[in-house]
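First comes the structure, then the notes that go with it.
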Amino acid sequence: MSTRTELRHGIALATLCSLHAAASDAPVAPVHPLEATAALKAAFAERIGHPADVLAFDLGEHYARALVQNVAAPDEYDEFAAVPGQPLEPGRPKKVGDIDCRRKIPFAALDLDAGARALAQARTIAAANGYKTPESISLGADIFCRDFGWRAILTSDADDDAMLQVTWTPDGTLPKAQEMHEDGWRKVDVTRLLAGGAKVTPAAPKPPPKTVAGDGRTRDFLLGIEADLARVQAEVGAPLGFRHISIGHTQLSLDVYQPANRKRVSTWLVGDDGAIKLWREDDTIPFDCNKPFASADFPLAQLADLIAEAPAQIPSMPQAEVKDAAVRRSGFCGKPHVYIKLEDDRGYGNVEYDERGRLVSAEIQ
Amino acid sequence: MAKTLAKILLALGVGLMVAGAGAEPAAADYGWPNLADFLQQLIGKVGAPVKVYKLEMDRDGKVDLWIQQQAHPDLVDSWEYDHGRIDGPIPVKFDHYPSVAALDYHVIELTMIDFPRLPAMLATARAKLGLPDARVVYIKLERGDSSGFFSVTDTPIWTFALDGPRHDGRVEFDLKGRVLDVDKD
């Protein structure tokens with residue numbers, strides 16, 4: 001081995017040794033943080049190395065994180081993380097603009113034992129009421145920058161919409177709980193939760209989406225939609241009462257009032273392979289027009305020609321191409337008009353035809 | 001043509017820009033693009049006058065300059081400059097295309113822009129923000145209303161957006177380098 005190679009190895013070894021020494025100087029997080037909260041807090045205190053206030057703290061078996069503010073330099077926010085059994089890394093600066101809420105407690109008042117107790121209580125509630133076991137618990141303010149304390153959010157596999165929030169004061173007392181409902185949060189008695197008295201009701205299984213396979217023919221809907229309207233009508237089982245027709249090269253989207261309930265609108269999608277899918281069903285918007293129009297109420301037979309001629313209606317966009325087209329009632333509740341959107345490499349243009357296919361307007365956007 | 005070009009560049013003072021690029025302290029400096037080279041190449045391609053819709057320089061010193069097309073004053077083209085390489089014209093696409101009158105009002109004559117001021121403005125921006133080591137996020141010139149005061153005049157505004165590990169900041173200047181607004185997170 002040459003002297004130069006030995007020297008390189010020596011330098012590399014010295015570098016590794018110094019890195020190891022630096023790492024070994026850092027405080028080490030306890031292997032079981034929830035059972036050694038005092039040791040965890042001491043490790044954070046040593047790593048932070050100066051008086052600090054705590055804005056947020058996440059606590060769990062596998063990870064802990066603190067967001068702190070330097071008491072001597074209030075513009076300095078840093079994030080510290082701990083992994084069980086590992087040396088704590090130096091803090092990462094956090095930009096002042098990323099701090100949404102400045103509620104805080106002195107580091108000395110940080111009670112990780114209270115956090116561990118609250119997490120255990122949250123897990124008891126989760127197990128007793130059909131929620132998933134929470135991985136961790138968080139100390140901090142709520143999204144409105146109020147109610148600084150420990151907080152666990154519980155969700156459930158049985159119902160994607162189910163959510164339970166349990167909060168405690170920073171010292172782990174005064175637990176409160178609230179369930180998410182369609183009309184907002186509702187309080188739930190914690191004693192009842194601990195006894196398993198507020199179980200998640202499994203959501204009713206959703207019916208499989210109604211679909212019809214494609215017919216193997218590739219379409220460009222801007223060249224015509226009549227045949228596909230007939231196919232969707234066969235699925236609906238009644239003449240189509242349209243709210244909105246949206247036409248693109250590769251997709252046709254139809255908002256159709258349901259024949260049995262005019263206060264509901266179904267959205268049918270037709271793909272360029274002809275596949276039909278009932279994509280969604282929604283309530284109509286109160287006080288909106290909600291007046292269906294039929295295929296006979298707009299120039300369906302001329303539609304492809306109107307779309308093809310649209311670029312010529314704006315001479316200052318000679319290279320324009322049709323981006324998409326739509327049929328919907330004009331104004332608040334007028335006759336169904338055809339709206340065609342054009343695009344070139346500098347911008348957009350709009351062409352509008354009335355219910356008889358007469359040009360209403362053609363202008364650059 | 002060469003004589004006209006020389007006159008324009010002299011009027012612009014862009015020759016000073018090269019010196020300006022080296023005048024800033026090295027530690028916290030920004031890699032200024034060679035605007036003299038860019039504008040010389042640009043004027044060689046499009047001729048004078050150059051009417052600037054918007055000029056933007058990014059963190060890496062790449063430049064995106066939007067100018068009104070002389071042959072079709074209703075159109076705006078983008079010219080990009082990346083360390084010596086000029087690319088354009090690239091058609092600018094607007095969601096809502098401005099009218100010719102609006103464009104005529106919005107553009108800034110290239111000769112009105114005092115490029116040699118830029119390094120000093122960057123130093124001022126850092127000082128005003130109290131961030132001596134802040135890095136450039138972007139530097140932009142466009143007409144608009146400054147956040148610092150109410151204006152309906154749609155004046156040309158230089159915006160220096162800077163950042164550091166703990167702060168983001170923005171300083172606005174007028175064409176003469178006067179500070180209009182300072183905003184620091």
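The values are calculated or read from the model by the stated rules, or taken from the named source; none is laboratory data. Computed from a prediction, not measured in an experiment: that's the story for all the values here. FYI the Cβ positions are ideal-geometry reconstructions off the backbone, even for glycines, and counts take in every protein chain you see. Ligands, DNA and RNA are excluded from the accessible area calculation, which covers all protein heavy atoms including side chains. Shrake-Rupley method; radii C 1.70, N 1.55, O 1.52, S 1.80 Å.
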Seminar exercise, completed: Dividing the helical contributions, -39500 (n - 2.57) per DSSP H run of n ≥ 4, by the residues of chain A yields a 222 nm value, nearest 500 deg cm²/dmol, of -6500 deg cm²/dmol
For this session: Starting from the alpha-carbon convex hull of the stretch A:33-109, give the projected area averaged over all orientations, in nm².
Result: 4.8
For this session: Quote the total accessible area buried by chains B and A together, excluding ligands, DNA and RNA, probe 1.4 Å, nearest 100 Å².
Result: 1500
For this session: Please report the base-10 log of the normalised intensity I(q)/I(0) for the stretch A:151-224, using a Debye sum with one equal scatterer per alpha carbon and no solvent, at each q in 0.22 (1/Å).
Result: -1.06
For this session: Compare the Cα positions of A:GLY331, A:ALA310, A:SER361 along the charge dipole of the stretch A:298-364 (+1 at Cβ of Lys, Arg; -1 at Cβ of Asp, Glu; about the Cα centre) and return the one farthest towards the positive end.
Result: A:GLY331
For this session: Could you tell me which GluC sites (Glu not before Pro) in the stretch A:55-92 are loop residues by DSSP with no more than 16 other beta carbons within 10 angstrom of their beta carbon?
Result: A:GLU61
Exercise. Over what distance in Å are the Cα centres of the stretch B:76-121 and the stretch A:91-128 separated?
Worked result: 50
For this session: With everything on Cα atoms, drop me the angle between helix A:112-129 and the longest principal axis of chain A, reported from 0 to 90° to the nearest 10.
Result: 40
Problem set entry | Rounded to the nearest 20 debye, dipole of the stretch A:298-364 from Cβ charges on Lys, Arg, Asp, Glu | 340
Problem set entry | Hits among lysines - C-alpha to C-alpha of A:LYS187 under 16 Å, sequence gap 8 or more where chains match | A:LYS176, A:LYS199
Seminar exercise, completed: For A:LYS277, the lysines lying under 20 Å Cα to Cα, once residues fewer than eight places off in the same chain are dropped, come out as A:LYS206, A:LYS210
Seminar exercise, completed: To the nearest Å², the heavy-atom accessible area per residue of chain A with 1.4 Å probe amounts to 55
Exercise. For the stretch A:298-364, what Kirkwood radius comes out of the mean inverse Cα-Cα distance, in Å?
Worked result: 11.8
Seminar exercise, completed: XL table B:LYS45/B:LYS140; A:LYS341/B:LYS54; A:LYS41/A:LYS104; B:LYS93/B:LYS176; Cα-Cα > 19 Å flagged, in table order, is B:LYS45/B:LYS140; A:LYS341/B:LYS54; B:LYS93/B:LYS176
Seminar exercise, completed: Projecting the Cα atoms of B:PRO132, B:ALA161, B:VAL182 onto the charge dipole of the stretch B:120-185, where Lys and Arg contribute +1 and Asp and Glu -1 at Cβ, the residue farthest towards the positive end is B:PRO132
Problem set entry | Value of D in µm² per second that Stokes-Einstein yields for the protein assembly as shown, Kirkwood Rh from Cα pairs, at 25 °C (0.890 mPa s) | 81
Seminar exercise, completed: Measuring from its Cα centre, the stretch A:33-109 shows a charge dipole (+1 at each Lys and Arg Cβ, -1 at each Asp and Glu Cβ) which, in debye to the nearest 20, is 140
For this session: Report, in debye and to the nearest 20, how large the dipole of chain A comes out about its Cα centre when Lys and Arg carry +1 and Asp and Glu carry -1 on their Cβ.
Result: 640
Problem set entry | For the stretch A:49-165, the Rg and Dmax computed from alpha carbons only, in angstrom | 15.4, 49
For this session: Apply the Kirkwood formula to the stretch A:211-296: the hydrodynamic radius equals the inverse of the mean of 1/r over all pairs of different alpha-carbon atoms; give it in Å with one decimal.
Result: 13.1
For this session: Exposed loop chymotrypsin sites (Phe, Trp or Tyr not before Pro) only (DSSP loop, at most 10 other Cβ atoms within 10 Å): please give the longest stretch of chain A free of them, not including the sites.
Result: A:1-143
